[in-house]
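Reading through the C-alpha cells given below for one structure.
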Amino acid sequence: MIDRIDVDKKGVVCCTSLYDGRIEKVLLKQNMIIIYVCEECETTWLSLEDVFDETKCYSFMPYIESLGMYTKGEKPDWDSILKVVGHVQISEIDDIAKKHNISVYKLK
Ligand SMILES: [Zn+2]
C-alpha cells in the first residue's frame, strides 16, 4: 500500500506511481471497461482500489497490447481504441483512502 495520495487544486487525484501527473479515466471501447491511467507516465490501474497498491499497476501500452487492442509497431487508431472520459476526483477515492488510513495531500 502507498502511504499518501496527492490531490490537485481542482480535487483531481494525482499519480501514485511517480507523482507526476493526474489520473485519467479511460474507457476502452472494445470491452467498455474503464481503466485509470496517469496522463504523464501512463501507469495504468484496473480499479480505483488498485491505485493505492503499488504492486497492482501496469504499463499502458503493454497492457492494451496484451488485450489485443494494439499491435506493437503499428500506428494505433486511438479513436477506435479508447476515450478519455474525465479525471479521477477525490470524492471517488475518499472512502478507499479512509479505509486504508492513507493521508490525502492537497497540492497548492
Ligand atoms: Zn504518473
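Summary table
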quantity: Residue count for region 41-90, restricted to those that are more than 25 Å from Val104 (Cα to Cα) and of a type in the set (A, V, I, L, M); calculated: 6
quantity: Region 14-26: number of residues that are more than 6 Å from the ligand (Cβ to nearest atom) and over 11 Å from the mean Cα position of the chain (by Cα); calculated: 1
quantity: Residue ID - nearest to the chain's Cα centre (by Cα), chosen from residues in region 1-13 that are part of a strand (DSSP E or B) and surrounded by 14 or more Cβ atoms within 10 Å (Cβ to Cβ); calculated: Val13
quantity: Restricting region 39-98 to residues that are part of a loop (DSSP other than H, G, I, E, B) and hydroxyl-bearing (Ser, Thr, Tyr), the residue that is farthest from the ligand (Cβ to nearest atom); calculated: Thr71
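Each row is one residue, and each column tells you yes or no for (1) under 21 Å from Lys10 (Cβ atoms); (2) loosely packed, with under 14 Cβ neighbours inside 10 Å; (3) touching a helix residue (DSSP H, G or I) at 6+ places or on another chain (Cβ under 8 Å).
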| position | (1), (2), (3) |
| --- | --- |
| Cys38 | yes, no, no |
| Thr55 | no, yes, no |
| Pro62 | no, yes, no |
| Ser66 | no, yes, no |
| Thr71 | no, yes, yes |
| Val85 | yes, yes, no |
| Ile90 | yes, no, no |
| Ala97 | yes, no, yes |
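All of the numbers you see were taken from the coordinates with simple rules; none came from a lab. For clarity, every value in this text was computed on a predicted model and none was experimentally measured. All Cβ positions, even for glycine, are placed from backbone atoms using ideal geometry, and neighbour counts span all protein chains on display.
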